[in-house]
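Every read-out reported here was derived from the displayed coordinates using simple, explicitly stated rules and does not represent laboratory data. Quick caveat: nothing in here was measured; it's all calculated off a predicted structure. All Cβ positions, glycine included, derive from the backbone under ideal geometry; neighbour counts span all protein chains shown.
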Amino acid sequence: MSILEVSGLSVRSATSTPVRDVSFTLPAGERLGIIGESGSGKSLTSLAAMGLLPDGLTASGSIRLDGQEVVGAADASLRKLRGPVAQIVFQEPLTALDPLMRVGRQIAEPLRRHLRLRGRALADAVAAALAEVALPDPRVARAFPHELSGGQRQRVAIAVALAAQPRLLIADEPTTALDVTVQDGVLTLLERLVRERGMTLLFISHDLAVVARMVQRIIVMRDGVVVEEGEVLGVLREPQHPYTASLVASARALDAALDAAGHGEGGTA
Ligand SMILES: Nc1ncnc2c1ncn2[C@@H]1O[C@H](COP(=O)(O)OP(=O)(O)OP(=O)(O)O)[C@@H](O)[C@H]1O
Ligand SMILES: [Mg+2]
């Protein structure tokens, strides 16, 4: 069964239609990437899937999340899906974290609400959640978000998102705001958690190499529409759309430049 089924999704503002007629399905256990340049509609598509479009934007078409229609659904019924069914990790972890609440409490909140943990069991689960995202130092739980590094904050945001044990994780450019070495650690962590928990993953990025590493299948968006879809390796080897071909070519050019400079780590294809 598909955990996420998007068909004919359009997102409109008063003056424009930034997402037009987007369709894709995401079977449980699969990892799907959305790639496309800035402004192509990747984030709006993922926000629409969670019923989280900002004010002033409306969705039409159909989005079925775990079989339930999201387009036009009341917020109360969507809230039940957010957490145990689907969670989202954003590019900038500060948007997801409460600046005035200690990290431990922010992780405890979903554990209390969704898993109904209390007392010692709750404290142990918070410690385990932090250890799972490679933050075993108990001082992290007592810290406020601004006292942590960007990479640590994103690990905390991942721990908060995973606390309710979602079956679908949507990661919208989760490492774009981090520097390259930190980025690699967070991607490795995400990869491991998705595998160990058997989660379904919708991974969004403008970086072809990052997406290729994380998912099996990709859709390519441009100017609000899907221009290509397929297995990652197939798309990289034989891009069908000129825009995809240009993405692949620029990734190759970067690899070649890195190789020439002696920093190469192999090609993307
Ligand atoms: N609240 C909004 N109201 C009106 N238009 C918006 C709103 N948010 C985004 N848009 C427009 O929708 C288009 C798609 O935005 P979206 O954020 O989905 O792009 P994206 O592919 O995620 O880009 P990026 O890679 O920069 O994150 C953009 O042209 C943007 O200007
Ligand atoms: Mg975006």
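Based on alpha-carbon centroids, what's the gap between region 55-110 and region 1-41 in Å, whole number please?
16
Can you tell me how region 69-192 classifies by the Cα gyration tensor, rounded, prolate or oblate, using a/c under 1.5 as the rounded cut?
oblate
May I ask for the net charge around Ser2, where only other residues with Cβ less than 12 Å from the Cβ of Ser2 are counted and Lys, Arg are +1 while Asp, Glu are -1?
Neighbourhood net charge equals -1.
Sort out the exposed loop GluC sites (Glu not before Pro) in the chain (DSSP loop, at most 14 other Cβ within 10 Å) and tell me the longest stretch that has none.
Values: sites that count: Glu37, Glu265.
It runs 38-264.
Would you tally the net charge around Leu122, using a Cβ to Cβ cut-off of less than 13 Å, leaving Leu122 out, and scoring K and R as +1, D and E as -1?
+4
Using the crude model of +1 on Lys and Arg Cβ and -1 on Asp and Glu Cβ, and no other charge, please compute the dipole size for the chain relative to its Cα centre, in debye to 20.
1200
Would you list the membrane-span-like helices of the chain, meaning whole DSSP H runs whose alpha-carbon atoms span at least 15 Å along their axis and whose mean Kyte-Doolittle value is at least 0.0?
Length and hydropathy pass: 119-132, 150-163, 180-197, 242-260.
With every atom except the alpha carbons ignored, what do you get for Rg and Dmax of region 9-99, in angstroms?
Computed over the Cα atoms of region 9-99, radius of gyration and Dmax are 13.4, 38 Å.
Take Asp207, Asp172 and order them by how many other Cβ atoms sit within 10 Å, fewest up front.
Working: Asp207 17, Asp172 20.
By the 10 Å Cβ count, ascending: Asp207, Asp172.
Beta carbons within 10 angstrom, averaged per residue: use that to sort the peptides 156-164, 51-59, highest first.
By packing density, highest mean first, the sequence is 156-164, 51-59.
Just to confirm the filter: which trypsin sites (Lys or Arg not before Pro) across region 18-109 are DSSP coil and have at most 12 other Cβ within 10 angstrom of their Cβ?
Loop-located and lightly packed - none at all.
What is the extension gain from Glu231 to Ala74, computed as 0.36 nm multiplied by their sequence separation minus the C-alpha to C-alpha distance, in nm to one decimal?
Value of the extension gain: 53.0 nm.
With an 8 Å Cα cut-off and a minimum separation of 6 or more residues, compute the relative contact order for the chain in percent.
After rounding, I find 24 percent.
Using only Cα atoms, figure out Rg for region 2-260 and give it as a multiple of 2.2 N^0.38 Å. Could the numbers behind the result be given before it?
Working: Rg = 18.5 Å, N = 259, 2.2 N^0.38 = 18.2 Å.
Rounded to two decimals, the normalised Rg is 1.02.
Compute the Kirkwood hydrodynamic radius of region 161-204, taking the inverse of the mean of 1/r over all pairs of distinct Cα atoms, and give it in Å to one decimal.
10.9
Give me the net charge for the shell around Glu132: Cβ to Cβ below 11 angstrom, other residues only, Lys and Arg +1, Asp and Glu -1.
+2
What whole-number distance in Å separates the alpha-carbon centres of region 166-217 and region 121-156?
Answer, in whole Å: 19.
Taking the dipole about the Cα centre of region 92-243, with the C-beta of Lys and Arg at +1 and of Asp and Glu at -1, give me whichever of Ala96, Gln240, Ala143 is farthest to the positive side.
Ala143
With each run of n ≥ 4 DSSP H residues scored as -39500 (n - 2.57), what mean residue ellipticity at 222 nm is computed for the chain after dividing by its residue count and rounding to the nearest 500 deg cm²/dmol?
Computed ellipticity for the chain at 222 nm equals -12500 deg cm²/dmol.
Given R₀ = 22 Å, what would the calculated FRET efficiency be for Ala261 paired with Thr176, taking r from the Cβ atoms and rounding to 0.05?
The pair Ala261/Thr176 has a calculated efficiency of 0.45.
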